[in-house]
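Q: Supplied in structure tokens, the structure appears directly below.
The values are calculated or read from the model by the stated rules, or taken from the named source; none is laboratory data. Predicted, not measured: the structure shown is a model, and the values here were computed from it. So basically every Cβ, Gly included, is an ideal-geometry build from the backbone, and we count neighbours across all protein chains shown. Note: accessible area is taken over every heavy atom of the protein model, side chains too, but ligands, DNA and RNA are not part of it. Shrake-Rupley method; radii C 1.70, N 1.55, O 1.52, S 1.80 Å.
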2 protein chains.
Amino acid sequence: MRKVFLFMDTICNKVDGKGRVSLPSDYRSIVKDLSSEIVCYRSLSLPCIEGCLEETLDKLAADIENSTDFFSEAQDNLTNLVFGDAKRFPFDSTGRIMLSEKLLKHAQITNEAVFVGKGRKFQIWNPENWAKEEARIRADALKNRPSLRSKENE
Amino acid sequence: MRKVFLFMDTICNKVDGKGRVSLPSDYRSIVKDLSSEIVCYRSLSLPCIEGCLEETLDKLAADIENSTDFFSEAQDNLTNLVFGDAKRFPFDSTGRIMLSEKLLKHAQITNEAVFVGKGRKFQIWNPENWAKEEARIRADALKNRPSLRSKENE
DNA sequence: TAAAATCCCATGTTATACCATATGTATTGT
DNA sequence: ACAATACATATGGTATAACATGGGATTTTA
């Protein structure tokens, strides 16, 4: 039994005419032990799709049940929004899923989909949008963390 | 009970046409008990590859797996980028990994790769770049800590 | 019954597992 | 102390398996 599981790497796969995409095999192997489906939903703040294990959402649900912190209430509401949007996507024996029109539209995905690992979850982007987003994050990081360079070799 | 493990020493190995390199055996023995793979990603600030155990990154992921942070934008973007950049590199029975084109290019590695231990993680450098970097680090150390000078000639 | 979703097979490409050889280091025996 | 041997590691080459992807057949649904 393996308790370390992380969605990593950035992989670009094709979306065919039927809306089918291969889920990267690394991602599949994370899920395989447990089931043969992942959960996807529209990102709350970005033009991309987010995906994770059902197990992960279950953990969040448990969190909310036990939550007594009023400050986290706003975030809990967001989490509940996700439950309303999320849907299971089973993948077939060749490892492909069929994303819904709603999700594809939200992320402006047509021919190609970029899978971006985010640890316990991952995102699916339109290639051009992801390129911009990545550039934005890197620029931000350098601006806000000038100390980065000196920290590197401590 | 915590396991003791440190990546140490500096070792130069050859990179063949396919991008294959032997992971130094010392490094392998550290990982072996747990699994047979390491995680590598581009250094955020230096022209080198960084490597560590998946466990190390898993700690980052576990920290933000709660109902307050999971869908929050406040998530450290930089930390998040690492997951998208990182990838598992399993090594075979002969102890080799196959570095990706992206990583090799970032570190300007062609024929040879220098593995540099950094404790919980390690770096992989182009030999010439590492020589310069090491000189720079040593010069810095002497400048900032004059007391080291006297030890130099012992 | 038409349209859509699911399943299954075929293919080119690429990564992976495996075997073989070389190189270097430690060990043993005389 | 030296040579001979055994051992571990690094490296080169190749066969095999896995993957992404296209196309078609079968089942489901509206």
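Q: With B:54, B:37, B:50 as the choices, which residue is charged (D, E, K, R), touching a strand residue (DSSP E or B) at 6+ places or on another chain (Cβ under 7 Å), in contact (Cβ under 8 Å) with a residue 40 or more places away in the chain and over 28 Å from residue B:128 (Cβ atoms)?
A: Working: B:54 fails: in contact (Cβ under 8 Å) with a residue 40 or more places away in the chain; B:50 fails: over 28 Å from residue B:128 (Cβ atoms).
Just a single option satisfies the conditions, and that option is B:37.
Q: How about region A:28-50: which of its residues are within 21 Å of residue B:52 (Cα to Cα) and near DNA strand D (Cβ under 8 Å from one of its atoms)?
A: As a first pass, look at region A:28-50 and keep what is within 21 Å of residue B:52 (Cα to Cα): A:29-30.
Within region A:28-50, just A:29 meets the criteria.
Q: So which residues in region B:96-115 are within 14 Å of DNA strand D (Cβ to nearest atom) and of a type outside the set (Gly, Ala, Ser)?
A: Result: B:96, B:97, B:98, B:99, B:109, B:110, B:111, B:112, B:114, B:115.
Q: Related question: Mind checking which residues of region A:6-25 are touching a residue at least 60 places away in the same chain (Cβ under 8 Å) and either away from DNA strand C (no atom under 15 Å from the Cβ) or of a type in the set (D, E, K, R) (or both)?
A: First, pick out the residues of region A:6-25 that are touching a residue at least 60 places away in the same chain (Cβ under 8 Å): A:6-15, A:18-25.
Residues satisfying the conditions are A:6, A:7, A:9, A:14, A:18, A:20.
Q: Among the residues of region A:1-10, write down those that are open to solvent by 40 Å² or more (accessible area, probe 1.4 Å) and at pLDDT 95 or above.
A: Of everything in region A:1-10, just one residue is open to solvent by 40 Å² or more (accessible area, probe 1.4 Å) and at pLDDT 95 or above, namely A:10.
Q: Check region A:87-105 and report whether any residue there is in contact (Cβ under 8 Å) with a residue 24 or more places away in the chain and more than 16 Å from DNA strand C (Cβ to nearest atom).
A: No - not one qualifying residue is present in region A:87-105.
Q: Determine whether residue A:80 is in contact with a helix residue (DSSP H, G or I) (Cβ under 9 Å, 6 or more places away or on another chain) and among the polar types (S, T, N, Q). Talk me through it step by step, then tell me what you get.
A: Working: in contact with a helix residue (DSSP H, G or I) (Cβ under 9 Å, 6 or more places away or on another chain): yes; among the polar types (S, T, N, Q): yes.
So residue A:80 passes the test.
Q: What strands (runs of 3 or more DSSP E) lie completely within region A:39-154 and have 2 or more residues being modelled with pLDDT of 90 or more, more than 9 Å from chain B (Cβ to nearest Cβ) and under 21 Å from residue B:83 (Cβ atoms)?
A: Counting at least 2 such residues, we get A:49-52, A:112-117, A:121-125.
Q: Out of the residues in region B:85-95 meeting the condition of being within 16 Å of DNA strand D (Cβ to nearest atom) and crowded, with 18+ Cβ neighbours inside 10 Å, tell me which one is farthest from residue A:116 (Cα to Cα).
A: B:91
Q: How do the pairs read when you match residues in region B:128-154 that are closer than 15 Å to residue B:114 by Cβ with residues anywhere that are modelled with pLDDT under 80, using Cβ under 8 Å and keeping only pairs 6 or more apart or on different chains?
A: So the pair list comes out as B:137/A:153.
Q: So which residues in region A:19-63 are crowded, with 17+ Cβ neighbours inside 10 Å, of a type in the set (A, V, I, L, M) and within 16 Å of residue A:106 (Cβ to Cβ), if there are any at all?
A: Within region A:19-63, A:21, A:39, A:49 qualify.
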